[in-house]
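The next block holds one structure in the form of structure tokens; read it before the comments.
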Amino acid sequence: KQLDQFPKDFLWGSASAAYQVEGAWNEAGKGISVWDEFVRIPGKTFKGTNGDVAVDHYHRYKEDVALMKEQGLKAYRFSVAWTRIFPNGRGEINQAGLQFYINLVDELIKNQIEPVLTLYHWDLPQVLQDEYQGWESRKIVEDFTNYATVLFEAFRGKVKYWVSLNEQNIFISHGYLMASHPPAVSDPKRMYQANHYANLANASVIKKFHEMGMPGGIGPSFAYGPNYALDSDPKNVLAAEDSEDLNAHFWMDVYLFGKYPIAAMKMLNEQGLAPTIEVGDEELLAAGKPDFLGINYYQTNTVVFNPLDGVGLGKMNTTGEKGSTEESGLPGVFKRVENPFVERTNWDWEIDPEGLRIGLRRITSRYRIPVLITENGLGEYDKLTDDKEIHDDYRIDYLNRHVHAIREAITDGVDVLGYCTWSYTDLLSWLNGYQKRYGFVYVEQDEKQDGSLNRYKKDSFYWYQKIIQENGSNV
Ligand code: FCB
């Protein structure tokens with residue numbers, strides 16, 4: 001393997017999620033998801049924005065794929081809405097819903113774009129939430145596995161890259177601790193238990209994938225923010241180790257080793273928060289080993305020791321869509337602080353390309369597994385000029401620095417399969433409507449949700465086109 005360049009078959013990609021792009025929220029037999037319900041609760045999202053129409057990808061997927069083709073994109077990561085396949089979470093397959101994804105996948109393949117299919121990007125069928133509290137029940141394992149199996153059968157051989165759960169650490173912490181995502185619970189004990197069932201569900205679909213002898217590979221997408229100590233005060237260095245254990249190894253070790261990290265479990269036991277693990281669970285976790293690890297990278301996490309009278313777990317740091325710089329952490333252990341050495345975006349997210357290289361190296365030395373970067377990107381208030389152009393040089397700069405960091409990580413020996421930027425077109429931000437844009441393709445849509453939905457190529461579209469043509473050789 002040549003370590004001084006991007007591999008020839010490197011997947012230069014871009015990503016989206018069903019709820020954020022599709023719209024058509026109640027078409028062709030689709031059921032209601034927890035997000036369809038949540039956005040209707042007053043005050044939950046910016047000006048009540050929702051995914052009813054989103055950017056109408058459901059009807060415009062051909063136009064979107066044509067743009068990808070023009071750009072030269074090698075891979076497109078998208079998610080399937082569980083509620084299109086099973087409107088009630090299980091039972092009879094809704095063929096019309098499945099057909100949409102068959103059409104999309106065929107269109108991608110016809111245009112030589114590798115589909116990367118995410119099974120779950122947060123839009124749980126509402127019925128399963130009502131019936132047994134969704135992720136808070138063991139029953140989710142069977143239902144999720146059945147749903148995944150339908151997709152494995154439908155796309156065997158056509159889809160080679162599969163993502164099991166998108167950002168389990170985020171949908172669990174935001175859903176059960178910060179209460180900013182459905183089901184808007186704030187209870188750390190319940191959070192860790194729901195997380196345990198999510199681990200089982202994840203392992204179960206990966207095991208099933210392998211049992212079915214599926215061609216290609218599968219892995220979860222983890223939102224990894226590598227942890228730094230603010231300085232070399234040993235107390236702070238230990239705090240950073242603890243944060244890495246509780247905020248990162250706590251998921252990645254389970255995925256790759258089938259075991260929770262010992263020190264993190266000790267912290268949780270001391271606080272009475274550890275999940276109940278039943279006989280057989282550890283066997284299942286160990287039997288669902290991913291083929292690659294998906295990483296969503298946005299920023300790092302700088303911490304100091306948090307004295308016992310410090311802030312509580314109620315504000316644990318994650319990379320949600322709201323500002324994530326508030327001081328937070330476990331009392332007696334760590335709390336997050338601002339990193340004085342890095343710049344910040346207008347949405348107050350730290351810009352730290354070297355953090356990506358550091359994170360990739362940590363993953364490689366601990367797990368020795370190929371990595372697919374499944375998300376990375378810059379959220380900004382893009383402006384359409386009178387000539388219908390978008391001069392997003394700030395995004396080009398951001399992405400260029402991250403691509404460079406990946407290249408450096410490859411020279412360090414990291415096995416990187418590909419890079420999917422977030423996002424392809426502009427799309428609905430879960431909580432922030434259309435103010436915060438990430439795409440290469442601008443979409444005319446705003447909080448009134450009656451925009452023209454016209455697509456316009458941003459300057460970054462052409463920048464990435466060139467990167468792909470040159471296979472990253474000039475970054
Ligand atoms: C990640 C999500 C993705 C998007 C980006 C900005 O947490 O996976 O859907 O919202 O953040």
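Ignoring aspartates and glutamates fewer than eight residues from LYS158 along the same chain, the ones with Cα atoms less than 14 angstrom from its Cα are ASP106, GLU107, GLU114.
Output the DSSP H helices from the chain with an along-axis C-alpha extent of no less than 24 Å and a mean Kyte-Doolittle hydropathy no less than -0.5.
The answer, listed by residue number, is 139-155.
Computed across the stretch 46-196, the Kirkwood hydrodynamic radius from all distinct Cα-Cα pairs reaches 16.7 Å.
With N counted as the residues of the chain, its alpha-carbon radius of gyration over 2.2 N^0.38 Å works out to 0.91.
Per the Cα gyration tensor, the stretch 323-475 maps to an equivalent ellipsoid with semi-axes of 29, 23, 13 Å, ordered largest to smallest.
For ARG437, the residues whose modelled amide H falls within less than 5 Å of its own, excluding neighbours fewer than 5 places apart on the same chain, are GLU380, TYR381, ASP382. A straight Cα-to-Cα reach below 13 Å connects LYS448 with the aspartates and glutamates ASP52, residues fewer than 8 places away in its own chain not being considered. The spacing between the stretch 20-78 and the stretch 233-267, judged by their C-alpha centroids, is 35 Å. Remark: the stretch 383-452 is approximated by an ellipsoid whose semi-axes, taken from the C-alpha gyration tensor as √(5λ), come to 30, 14, 9 Å, largest first. Taken along its three principal axes, the alpha carbon spread of the stretch 61-103 comes to 40, 15, 10 Å, from the longest extent down to the shortest.
Loop-located trypsin sites (Lys or Arg not before Pro) in the stretch 205-282 (DSSP state not H, G, I, E or B) with no more than 14 neighbouring Cβ atoms inside 10 Å: LYS259. Scaled against the 2.2 N^0.38 Å expected of a compact globular protein of N residues, the Cα radius of gyration of the stretch 244-312 reads 1.32.
Coordinate-derived values only; no laboratory data. Fair warning: this is a prediction, and the values are worked out from it, not measured in the lab. Note that each Cβ is placed from the backbone with ideal geometry, even for glycine, and that neighbours are counted across all protein chains shown.
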